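Asks: Have a look at this one before I ask anything.
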Amino acid sequence: MGRNLYILAGTLLFFCLVCFGVSFSNIAQQPGSPGDVALWRTMSIAFLVLSMVIALAGTLTSMFEQAERRAEQARQLRRKR
């Protein structure tokens, strides 16, 4: 589960960088383009924040999975003794 969250966070970070790059290019200033520069930068910030939150969730998930595995191994060791 943690690996999937890391992949999702990486994808959102990529979209963040694309939106940020579009805000500095002429694409955002062409007639008929979706939104203006402020909209692209706002989307970039939103993608960045969402990416960081999901990466934090992935890290916490991995840590709890590791703690659960080690607790199970400790229980099995105690049973063998």
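The values are calculated or read from the model by the stated rules, or taken from the named source; none is laboratory data. Bear in mind that the values here come from a model prediction, so they are computed numbers and not experimental data. Virtual Cβ from ideal backbone geometry, glycine too; neighbours counted across all protein chains shown. For accessibility, only protein heavy atoms count, side chains too; no ligands or nucleic acids. Shrake-Rupley method; radii C 1.70, N 1.55, O 1.52, S 1.80 Å.
Asks: Might you tell me the accessible area per residue for the chain, computed with a 1.4 Å probe and given in Å²?
Replies: Per residue, the chain has 77 Å² of solvent-accessible surface.
Asks: Note the full-extension length gain between LEU8 and GLU68 as 0.36 nm times their separation in residues minus their Cα-Cα distance, in nm to one decimal.
Replies: Length gained, LEU8 through GLU68: 19.2 nm.
Asks: Name the residue from PHE20, ALA38, GLN66 whose Cα lies farthest towards the positive end of the charge dipole of the chain, charges +1 on Cβ of Lys and Arg and -1 on Cβ of Asp and Glu.
Replies: Going by the charge dipole, the pick is GLN66.
Asks: Report, to the nearest 10°, how far helix 37-80 tilts away from the longest principal axis of the Cα atoms in the chain, using its own Cα long axis and a range of 0 to 90°.
Replies: Result, in degrees: 10.
Asks: With the chain treated as a Gaussian network of Cα nodes joined by springs under 10 Å, which of LEU50, LEU17, LEU39 yields the largest mean-square fluctuation?
Replies: Residue with maximal mean-square fluctuation among LEU50, LEU17, LEU39: LEU39.
Asks: If I fit a long axis through the Cα atoms of helix 2-24 and take the longest principal axis of the Cα atoms of the chain, what angle between them do I get, 0 to 90°, rounded to 10?
Replies: 20 degrees
Asks: Continuing with the same structure: Using only DSSP helix segments of four residues or longer, with each worth -39500 (n - 2.57), what per-residue ellipticity at 222 nm results for the chain after dividing by its residue count and rounding to 500?
Replies: Rounded to the nearest 500, the figure is -30000 deg cm²/dmol.
Asks: Then there is this: Multiplying the sequence separation of LYS80 and THR42 by 0.36 nm and subtracting their Cα-Cα distance, what value in nm do you get?
Replies: Between LYS80 and THR42, full extension yields an extra 7.9 nm.
Asks: So if I place +1 on the C-beta of Lys and Arg and -1 on the C-beta of Asp and Glu, and nothing else carries charge, what would the dipole magnitude of the stretch 1-80 be about its Cα centre? I want it in debye, nearest 20.
Replies: 720 debye
Asks: Okay, next question. At a 1.4 Å probe, what is the % contribution of carbon and sulfur to the accessible area of the chain?
Replies: 67 percent
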